[in-house]
Structure formats: structure tokens, C-alpha cells
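First up is the structure itself, then whatever we jot down about it.
The values are calculated or read from the model by the stated rules, or taken from the named source; none is laboratory data. Here the structure is a predicted model, which is why all the values come from computation and not from measurement. Because the Cβ atoms are built from the backbone with ideal geometry, glycine has one as well, and the counts that use them run over all protein chains shown.
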Amino acid sequence: MAAFARELCIKAAKEAATHSYSPYSNFKVGAFGVFENEKGEQKGFSGCNVENAAYGPTNCGERSAIFAAVSAGFIYLVEMWVYTPTQEVAAPCGVCRQVMYEFNPEAKVICVCDDPKVVLEKTVAELLPFAFGPKDLGK
Ligand code: THU
């Protein structure tokens with residue numbers, strides 16, 4: 001159960017997008033993940049895409065949020081909100097789907113944009129069917 005209101009999550013994802021470092025693509029992504037730690041406490045973590053002149057080291061907004069959360073001991077993903085300043089939603093890339101799968105296949109992913117009528121809401125498992133994950137390594 002997520003303890004954060006929808007409007008708060010969207011606001012936080014939008015705020016994160018303002019910090020996007022994306023001089024190469026000019027495509028801003030803001031993410032706000034709600035996570036739980038082992039005590040069952042919930043906390044939100046923001047992330048933005050961080051690009052690099054060598055392209056390959058670029059990190060997506062979703063993974064920036066996840067790595068911040070895991071670094072703080074919050075490893076169970078409850079919800080991931082993704083905002084792009086566009087008229088269509090942008091769904092998470094394959095790498096981010098795989099990373100989210102690691103931290104809860106049943107987490108909700110909610111993608112929003114500047115048209116409030118256009119929203120994509122799926123679980124990670126729906127976005128990444130037949131996934132390879134911890135279960136395949138007996139975890
Ligand atoms: N990007 C994200 O931040 N999240 C995604 O799931 C898709 C792509 C970023 C990476 C890059 O900085 C820019 O969007 C264009 O691909």
C-alpha cells in the first residue's frame with residue numbers, strides 16, 4: 001500500500017525532471033519512486049536522467065531514483081512515477097524495466113506527461129513479461 005498521494009508523486013517527478021542533465025538528447029525525464037525498507041517504512045526517492053558525452057554511461061531517471069533508494073536501505077519498490085514534459089507518455093526503457101524487476105515485479109509503474117488524460121499504468125511484470133530475475137538464481 002502506497003502512503004503517498006498521487007498529486008504529491010506527480011509533483012515530485014516533475015520537480016526531478018527540472019534537474020535532468022540531458023544536453024545531448026534534450027529529453028528530460030523525472031522519476032519519483034516510493035520504496036519500503038526492511039522495517040516497512042516508506043520513503044520517496046527522486047531521480048532524473050543524467051547524460052554523458054560518451055553516451056554509454058547515461059543513466060535514466062528511473063535508475064537514478066532506484067540507486068538512491070537502495071543506497072539508503074530502501075530496496076522494496078512500491079511505485080515508480082515517471083514524468084516527461086511531452087504530450088505522450090514515455091514508457092521506461094528495457095534496462096530500467098529489468099532493474100525495477102529486481103526490486104519488485106509487482107510494483108506499479110505510472111507514466112505521466114503534460115496531457116493529464118494520457119497516463120500509462122502497468123506493473124513491472126506487465127512491462128517485462130518472461131523476465132529473468134532473482135528467482136532464476138534461486139533468490
Ligand atoms: N531515458 C530515461 O531517463 N528513462 C527511460 O526509461 C527512457 C530514456 C532518458 C535517457 C536519455 O537521457 C534520454 O531519456 C533519451 O533517451
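For the stretch 29-46, a residue qualifies if it is in a loop (DSSP other than H, G, I, E, B) and within 8 Å of the ligand (Cβ to nearest atom), and exactly one does: 29. All conditions in (1) in contact with a Gly (Cβ under 6 Å, 6 or more places away or on another chain); (2) assigned to a helix (DSSP H, G or I) hold for residue 7, with the sole exception of (1).
So residue 9 fits all but one of (1) at pLDDT 95 or above; (2) out of contact with any strand residue (DSSP E or B) (no Cβ under 6 Å at 6 or more places or on another chain); (3) away from the ligand (no atom under 14 Å from the Cβ); what number is the exception? All conditions are met except number (2). In summary, residue 49 fulfils each of the numbered conditions (1) of a type outside the set (Asp, Glu); (2) more than 9 Å from the ligand (Cβ to nearest atom); (3) surrounded by 14 or more Cβ atoms within 10 Å (Cβ to Cβ); (4) at pLDDT 95 or above with the single exception of condition (2). Residues that are in contact with an Asp or Glu (Cβ under 6 Å, 6 or more places away or on another chain) and part of a loop (DSSP other than H, G, I, E, B) are absent from the stretch 66-83 altogether. When each of 102, 88, 79, 106 is tested for being without any contact (Cβ under 8 Å) to a residue 24 or more places away in the chain and out of contact with any Leu (no Cβ under 8 Å at 6 or more places or on another chain), the lone residue that passes is 106. The numbered conditions (1) within 12 Å of the ligand (Cβ to nearest atom); (2) closer than 19 Å to residue 71 by Cα; (3) more than 12 Å from the chain's Cα centre (by Cα) are all true for residue 26 except (2). In the stretch 116-130, the residues that are charged (D, E, K, R) form Cβ pairs under 6 Å with partners that are modelled with pLDDT of 95 or more and surrounded by 13 or more Cβ atoms within 10 Å (Cβ to Cβ), at six or more places apart or across chains, as follows: 121/110; 122/109. Among the residues of the stretch 70-122, those identified as surrounded by 15 or more Cβ atoms within 10 Å (Cβ to Cβ) and away from the ligand (no atom under 16 Å from the Cβ) are 70, 74, 75, 76, 78, 104, 105. For the stretch 37-60, the criterion of being touching a Cys at 6+ places or on another chain (Cβ under 7 Å), touching a residue at least 12 places away in the same chain (Cβ under 8 Å) and β-branched (Val, Ile, Thr) is satisfied by no residue at all.
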